[in-house]
Amino acid sequence: MGQPEIVLGVGGGIAAYKACELLRLFTESGHAVRVVPTASALRFVGAPTWAALSGRPVTTEVWDEVDEVPHVRIGRRADLVVIAPATADLLARAATGRADDLLTNVLLTTRAPVVLAPAMHTEMWEHPATRDNVATLRRRGAVVIEPAVGRLTGADTGKGRLPDPAAIFEVARRVLARGQAAAEPDLAGRRVVISAGGTREAIDPVRYLGNNSSGKQGYALARTAQARGAEVVLVAANTALPDPAGVDIRRVTSAEELRLAMHTAAKGADAVVMAAAVADFRPSQRAQQKIKKRDGVEPDPIALVRNPDVLAELATARPAGQVVVGFAAETENVLAGGQAKLARKGCDLLVVNQVGDGIAFGTDQNEAVILAADGTTTPVPLGPKEALADLLWDAVARRWADD
Ligand code: CTP
């Protein structure tokens, strides 16, 4: 297969400028992109910008290059159509099958998957007309990303913000890789809670004990569960990753904060996944002032105490039907160590991966084995953290089906 062909539709909203970054994410990762803005989108970002960034001609109307029948050609050649931002008007035109500009024509002629990232004021997003249009588009198989909550155009804040371009890119990449299956909401109606990142245990106001966890695996779990229709709570400890679209993110720093957030979110959840690297120990005391060095005096040793084992607590407290998943990072005796840890922690599933220099921590790839309490093992070959995440949700869904 050659370069995947993406149509980037841009609606007439102020967030159009953010689509420039989305366009770059596509082109820099080897996608050919044809930008099709609406006429009002060009009031925010002009055609030369789109043409220069995509290296392709840009037009809004079906009346240009008519000899090439562009509205049919562009739609047919597309492997994926992504619309960001999708305004209320554009959602309405798409939902009712209008064909009054090039972009809506492309939407009617393409048979490729369609991803829409709406952005508008909260009132417009919540209006029954827009709700109906979104429901119609979803029923027809389009992936409509939930807008983010945050600062809107003026001084107001609320739901309706365009999600981070990196988050839209991830959804699009996933739909491209998995086709329509990516839009299958097989986890719809399920509520899942995931911890991600690494905790920090304060030594004094400026120092802490931490670890190398980036949070990438936990974020991949959140993105995939959300894409498969689940309601997702992500308890993020000290991560620096783009917020996944449509996910309820709760930020924590220490193991104790993570523990509280997890116990609160786990109530009524169908699955709880502990992907965070939780510090096993914390300093027994946090110095109120910054610890000073003193000439000729050895520093005091830092005394440590054990942190509670959050995974074991969640496993013990779990209600019937809730699936509890742990992660184990082992540097040796990977399988035997994993089996023992699964039994010790009392969870339903344990993802065991080998860590060491450059493996797993901070990378985009992972290789692991999913161990189940019933003795089954599912090897996960080296691949993107998202592939492991999908296999883990498959394993969780099997446990739900067995109940
Ligand atoms: N975990 C937890 N609370 C802790 C420590 C770990 O909930 N205080 C969870 C992690 O989120 C992970 C699993 O336990 O899901 C395994 O963590 P790991 O550090 O590999 O195992 P430990 O039980 O700490 O065993 P050891 O460090 O001795 O290998």
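Pairs of alpha-carbon atoms within less than 8 angstrom and 6+ residues apart define the contacts here; what relative contact order does the chain have, in percent? Walk me through the intermediate numbers first.
Values: 847 pairs, mean separation 42.4, N = 403.
Relative contact order, the chain: 11 percent.
Semi-axes of the equivalent ellipsoid for the chain, please: Cα gyration tensor eigenvalues, times 5, square-rooted, ordered largest first, whole Å.
Details: eigenvalues 375, 118, 78 Å².
Values for the chain, descending: 43, 24, 20 Å.
Which three extents, in whole angstrom, do the alpha-carbon atoms of the stretch 193-243 cover along their principal axes, largest first?
In descending order, the Cα extents are 42, 16, 14 Å.
Indicate, rounded to the nearest 5 percent, the antiparallel portion of the DSSP beta bridges found entirely in the chain. The partial results should precede the final answer.
On the way: 22 of 65 bridges.
Antiparallel bridges make up about 35 percent of those DSSP assigns within the chain.
Where only protein heavy atoms count, and the probe is 1.4 Å, what is the accessible area per residue for the stretch 5-183 in Å²?
Details: 7720 Å² over 179 residues.
For the stretch 5-183, the per-residue accessible area is 43 Å².
Any idea which of P205, P118, A312 is furthest toward the positive side of the dipole for the chain, if Lys and Arg beta-carbons carry +1 and Asp and Glu beta-carbons -1?
P205
Can you give me the % of accessible surface on the chain that is carbon or sulfur? Probe 1.4 Å, all protein chains present, nothing else counted.
Details: 9830 of 19040 Å².
Carbon with sulfur: 52 percent of the solvent-accessible area.
Using the Cα gyration tensor of the stretch 7-126, with a ≥ b ≥ c the square roots of its eigenvalues, what is the shape: rounded (a/c below 1.5), prolate (a/b larger than b/c) or oblate (neither)?
On the way: a/c = 1.44, a/b = 1.13, b/c = 1.27.
Since a/c stays below 1.5, the shape of the stretch 7-126 is classed as rounded.
Would you mind calculating the relative contact order of the stretch 191-402 from Cα pairs under 8 angstrom and at least 6 residues apart, reporting the percent as a whole number?
Numbers: 435 pairs, mean separation 42.3, N = 212.
RCO, the stretch 191-402: 20 percent.
What is the magnitude of the charge dipole of the stretch 191-402 about its Cα centre, with +1 placed on the Cβ of each Lys and Arg, -1 on the Cβ of each Asp and Glu, and no other charges, expressed in debye to the nearest 20? Show your work: numbers first, answer last.
Working: 24 positive and 25 negative charges, 124 e Å.
I would put it at about 600 debye.
Using a 10 Å cut-off on Cβ atoms, rank the peptides 36-45, 373-382, 207-216 from the highest mean neighbour count down.
On the way: 36-45: 20.5, 373-382: 12.2, 207-216: 18.7.
Per-residue Cβ counts within 10 Å, averaged per peptide and sorted highest first, yield 36-45, 207-216, 373-382.
Which three numbers, in whole Å and largest first, are the semi-axes of the equivalent ellipsoid of the stretch 191-402 derived from its Cα gyration tensor as √(5λ)?
On the way: eigenvalues 187, 69, 58 Å².
Working from the Cα gyration tensor, I get semi-axes of 31, 19, 17 Å.
Suppose every K and R has +1 on its Cβ and every D and E has -1 on its Cβ; what is the size of the dipole of the chain about the Cα centre, in Debye to the nearest 20?
Numbers: 46 positive and 47 negative charges, 105 e Å.
Charge dipole, the chain, about its Cα centre: 500 debye, nearest 20.
In deg cm²/dmol, rounded to 500, what helix-only [θ] at 222 nm does the chain give when every DSSP H run of at least 4 residues adds -39500 (n - 2.57) and the total is split over its residues? It would help to have the intermediate numbers written out before the result.
Working: 14 runs with 142 residues, N = 403.
Roughly -10500 deg cm²/dmol at 222 nm, from the helical runs in the chain.
So what is the accessible area of the stretch 221-340 per residue, in Å², with the probe set to 1.4 Å?
Heavy-atom SASA per residue in the stretch 221-340 reads 54 Å².
Measure up K345/K385; K159/K345; K159/K216; K216/K345; K18/K385; K159/K267 against 31 Å on the Cα-Cα distance and list the ones that go over.
Working: K345/K385 24 Å; K159/K345 39 Å; K159/K216 25 Å; K216/K345 23 Å; K18/K385 26 Å; K159/K267 25 Å.
K159/K345, as the Cα separations exceed 31 Å there.
Work out the charge dipole of the stretch 191-402 with +1 on the Cβ of Lys and Arg and -1 on the Cβ of Asp and Glu about the Cα centre, then indicate which of I291, Q322, L260 is farthest towards its positive end.
Working it through, the farthest residue towards the positive pole turns out to be I291.
So what is the relative contact order for the stretch 5-183, in percent, with contacts set as C-alpha pairs under 8 Å and at least six apart?
Numbers: 353 pairs, mean separation 39.3, N = 179.
Relative contact order for the stretch 5-183 comes out at 22 percent.
Give the long-range amide H neighbours of V33: residues separated by 5 or more places, or on another chain, with amide H under 5 Å away, using H modelled in the peptide plane at 1.01 Å from N.
Those qualifying (amide H under 5 Å, at least 5 residues apart or on another chain) are I6.
Which of the three applies to the stretch 139-221, rounded, prolate or oblate, going by the alpha-carbon gyration tensor with a ≥ b ≥ c and a/c under 1.5 meaning rounded? Write out the running numbers ahead of the final one.
Numbers: a/c = 2.51, a/b = 1.49, b/c = 1.68.
Oblate shape, in that a/c is at least 1.5 and b/c is the bigger or equal ratio.
Residue by residue through the stretch 79-90, which ³J(HN,Hα) values in whole Hz follow from phi under the Karplus form 6.51 cos²θ - 1.76 cosθ + 1.60 (θ = phi - 60°), with glycine and proline marked x?
8, 7, 10, 10, 10, 8, x, 9, 7, 4, 5, 5
Peptides 288-294, 255-261: what's the order by average Cβ count within 10 Å, highest mean first?
Numbers: 288-294: 8.9, 255-261: 20.0.
The densest-packed peptide leads the list: 255-261, 288-294.
Applying a 10 Å radius around every beta-carbon, put 234-242, 108-116, 133-141 in order of their mean neighbour count, most first. Don't skip to the end; give the middle numbers.
Working: 234-242: 21.8, 108-116: 19.7, 133-141: 15.3.
So the order, starting with the most tightly packed, is 234-242, 108-116, 133-141.
Measure out, as a whole number of angstrom, how far apart the alpha-carbon centroids of the stretch 32-88 and the stretch 113-161 sit.
What the calculation gives is 21 Å, centre to centre.
About the Cα centre of the stretch 5-183, how large is the charge dipole given +1 on each Lys and Arg Cβ and -1 on each Asp and Glu Cβ? Please answer in debye to the nearest 20. It would help to have the intermediate numbers written out before the result.
Numbers: 21 positive and 19 negative charges, 107 e Å.
Taking the Cα centre of the stretch 5-183 as origin, the dipole is about 520 debye.
Using a Gaussian network model on the chain with a 10 Å cutoff between Cα atoms, which of G229, G154, G321 fluctuates the most?
Of G229, G154, G321, the most mobile in the Gaussian network model is G154.
The values are calculated or read from the model by the stated rules, or taken from the named source; none is laboratory data. Keep in mind the model is a prediction, meaning the values are calculated, not measured. Methodologically, a virtual Cβ is constructed for each residue, glycine included, from the backbone with ideal geometry; neighbour enumeration extends over all protein chains shown. Remember, those area values only see protein heavy atoms, side chains included, never the ligands or the DNA or RNA. Shrake-Rupley method; radii C 1.70, N 1.55, O 1.52, S 1.80 Å.
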